[in-house]
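J.: Got a structure for you, questions after.
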Amino acid sequence: MVTFFPMPYQDETLYSMIARYHIWSGNLNSKATLKDLFNTTSVTAGRELPANIKLLINNLSCKCTLTVDEIIKKHTLYKYYTAFLPNERATYIYDLMSEGNGSLIFTALGMCNNNMKIDSSLKYCNQCVESDRNNFGEAFFHIEHQVPGVLMCQKHSAELYICNKSTQIKNRQEYLNLEFSISEKDTIVAPLNRKIIEHQKEFIRNIDSIINSSFRFKEMNFFREHYLKELIDKGMAENRMKIYQQDLLRDFKNYYGEDYLMLLGCDFDVDNKYNWVTAITRKHRKSFHPIQHLLMIEYLNIDIEDLFNSDYMEVRKKTYKNKTDEEKTSQREKWLKLRNEYPNENTTFIRELDKATYIWLNKYDKKWLSENSPVKKTYGHSKKIDWEKRDEEILQEVKDVIEAIYNSSEKPERVTVGAVGRKIGKAYLLQKYLDKMPKTKEYLQEKVEAVKVFQNRRIKWVRENVTTNGESEWIVMREAGVR
Ligand SMILES: [Zn+2]
């Protein structure tokens with residue numbers, strides 16, 4: 001029985017609460033803390049979806065008012081990870097966290113086969129650390145900073161930092177207390193720019209809705225049906241059988257920009273027909289990562305509360321009643337009035353002023369709404385990529401770098417696509433999109449060096465530059481790195 005246990009701060013993770021307990025308790029090692037809290041030492045320090053929560057609650061003094069349900073829903077990433085899963089699956093995961101086998105949780109999410117990389121490093125915002133120290137006397141881990149796909153602190157629009165220590169520890173039972181884990185080695189998750197900030201604001205707003213509301217779980221293809229309806233409205237699909245995939249993929253990519261998609265681990269090749277955007281719009285049996293759903297939702301301009309509060313529908317059946325013209329006129333007028341009052345604000349801002357009107361128009365008068373909303377600012381990347389122009393630009397950069405390598409008087413370096421890509425800072429471009437840049441491709445094919453050719457160049461260089469003073473041939477060979 002534990003007689004004291006820290007009450008959670010708002011938005012604090014369970015992991016962080018235990019880490020604070022560990023310091024308060026004065027325990028010398030994590031095993032002692034696990035024994036205190038769980039009566040057993042066979043518990044791992046789960047960061048996102050921890051298990052054995054019932055054991056913990058049963059062990060706390062009866063004066064403690066925390067409940068299993070409160071911990072799971074408010075202090076872990078349970079709601080985030082299960083928002084797009086069917087009821088049975090979500091309930092199963094809930095049970096595993098409460099009193100089941102924690103090692104089964106990740107598999108139960110069904111995301112093992114969607115190629116998303118798993119990053120469970122701990123993150124924090126410097127300004128939150130400051131204000132938490134001022135308000136509470138200590139720093140702690142905030143739940144919204146740990147959500148995969150979140151790159152910034154919403155409150156401060158500031159970059160998040162990765163706690164370097166959390167990527168290093170080998171002991172899977174150790175709880176890191178943020179107050180003692182901040183270090184100069186910590187690096188930012190990603191540099192922010194205006195475009196990323198705009199996307200992140202929307203992304204985090206939707207996550208907030210998921211975490212703070214109690215939506216009912218949906219059937220597997222519920223979301224797909226809704227995406228399909230929006231795609232039809234957008235002109236990207238005719239019906240459930242006919243989606244203009246190439247248009248969709250290119251437009252989706254232009255909307256977010258490749259860099260942002262890469263940061264979220266959701267970049268795809270438009271020429272690969274097994275990409276996730278295509279898969280999520282088709283009838284499917286597998287689950288997708290919440291990041292992927294959230295990207296679709298933002299791209300399709302879907303109001304997340306409206307989405308979760310709606311019922312299952314099939315696109316084939318028209319479920320929309322026609323609205324009368326008077327209704328339409330009155331809703332349109334309300335929207336235009338707000339736009340006139342705030343001529344410099346964006347759609348998100350105006351939507352917050354009168355959500356009901358926005359939702360109504362978005363549902364029944366979408367085309368008019370998009371024509372009468374503030375123009376979305378674009379920041380460079382949203383432009384369609386002009387591959388021909390890019391080919392010319394990259395070709396010039398590649399030429400410069402390759403000439404520099406061949407003309408260098410330094411020890412020779414082998415010319416490969418990878419080496420050139422790294423030197424111009426665009427390795428991914430040369431690796432993944434070379435086919436789109438035929439001139440660059442041809443030039444590279446001509447210039448890259450086979451090993452043998454390179455060895456000969458190196459031997460020649462050694463002969464000319466290293467004083468071998470009549471030394472034997474094998475010394476030349478050794479200097480050239482050729483066996
Ligand atoms: Zn912050």
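The values are calculated or read from the model by the stated rules, or taken from the named source; none is laboratory data. Worth saying up front: this structure is predicted, and the values here are computed from it rather than measured. As a convention, Cβ positions derive from the backbone with ideal geometry for all residues, glycine included, and neighbour counts pool all protein chains shown.
J.: Out of all the residues in region 143-152, which are of a type in the set (A, V, I, L, M, F, W, C), closer than 18 Å to His75 by Cα and within 12 Å of the ligand (Cβ to nearest atom)?
T.: Val150
J.: What is the residue count in region 125-142 for residues that are more than 8 Å from the ligand (Cβ to nearest atom) and either under 19 Å from the mean Cα position of the chain (by Cα) or buried (at least 20 other Cβ atoms within 10 Å of the Cβ) (or both)?
T.: So the answer is 4.
J.: Can you go through Ala108, Ala90 and tell me which one is away from the ligand (no atom under 16 Å from the Cβ) and either within 24 Å of Phe180 (Cβ to Cβ) or without any contact (Cβ under 8 Å) to a residue 24 or more places away in the chain (or both)?
T.: Of Ala108, Ala90, the one residue that is away from the ligand (no atom under 16 Å from the Cβ) and either within 24 Å of Phe180 (Cβ to Cβ) or without any contact (Cβ under 8 Å) to a residue 24 or more places away in the chain (or both) is Ala108.
J.: Among Lys155, Lys79, which is charged (D, E, K, R) and away from the ligand (no atom under 16 Å from the Cβ)?
T.: Details: Lys155 fails: away from the ligand (no atom under 16 Å from the Cβ).
The match here is Lys79.
J.: Quick check, is Lys323 at pLDDT 85 or above and either aromatic (Phe, Trp, Tyr) or more than 27 Å from Tyr81 (Cα to Cα) (or both)?
T.: no
J.: Follow-up. So Lys165 clears everything in (1) within 14 Å of the ligand (Cβ to nearest atom); (2) within 15 Å of Ser16 (Cβ to Cβ) except one condition, right? Which one?
T.: Result: Lys165 passes all but (1).
Rundown of residues vs (1) at pLDDT below 85; (2) surrounded by 15 or more Cβ atoms within 10 Å (Cβ to Cβ), yes/no style:
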{"residue": "Arg390", "(1), (2)": "no, yes"}
{"residue": "Leu395", "(1), (2)": "no, yes"}
{"residue": "Asp400", "(1), (2)": "no, no"}
{"residue": "Leu444", "(1), (2)": "no, yes"}
{"residue": "Glu464", "(1), (2)": "yes, no"}
{"residue": "Ala480", "(1), (2)": "yes, yes"}
{"residue": "Arg483", "(1), (2)": "yes, no"}
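J.: Identify, please: which residue in region 167-185 is touching a residue at least 60 places away in the same chain (Cβ under 8 Å) and under 20 Å from Arg133 (Cβ atoms) and is, among those, surrounded by the most Cβ atoms within 10 Å (Cβ to Cβ)?
T.: Only one residue tops the list, namely Leu178.
J.: Can you find a residue in region 279-294 that is among the aliphatic types (A, V, I, L, M), at pLDDT 95 or above and surrounded by 14 or more Cβ atoms within 10 Å (Cβ to Cβ)?
T.: Checking region 279-294: at least one residue is among the aliphatic types (A, V, I, L, M), at pLDDT 95 or above and surrounded by 14 or more Cβ atoms within 10 Å (Cβ to Cβ).
J.: Of Tyr256, Tyr274, Tyr260, Tyr244, which residue is of a type in the set (Phe, Trp, Tyr) and exposed (fewer than 15 other Cβ atoms within 10 Å of the Cβ)? Reasoning before the result, please.
T.: Numbers: Tyr256 fails: exposed (fewer than 15 other Cβ atoms within 10 Å of the Cβ); Tyr260 fails: exposed (fewer than 15 other Cβ atoms within 10 Å of the Cβ); Tyr244 fails: exposed (fewer than 15 other Cβ atoms within 10 Å of the Cβ).
Just a single option satisfies the conditions, and that option is Tyr274.
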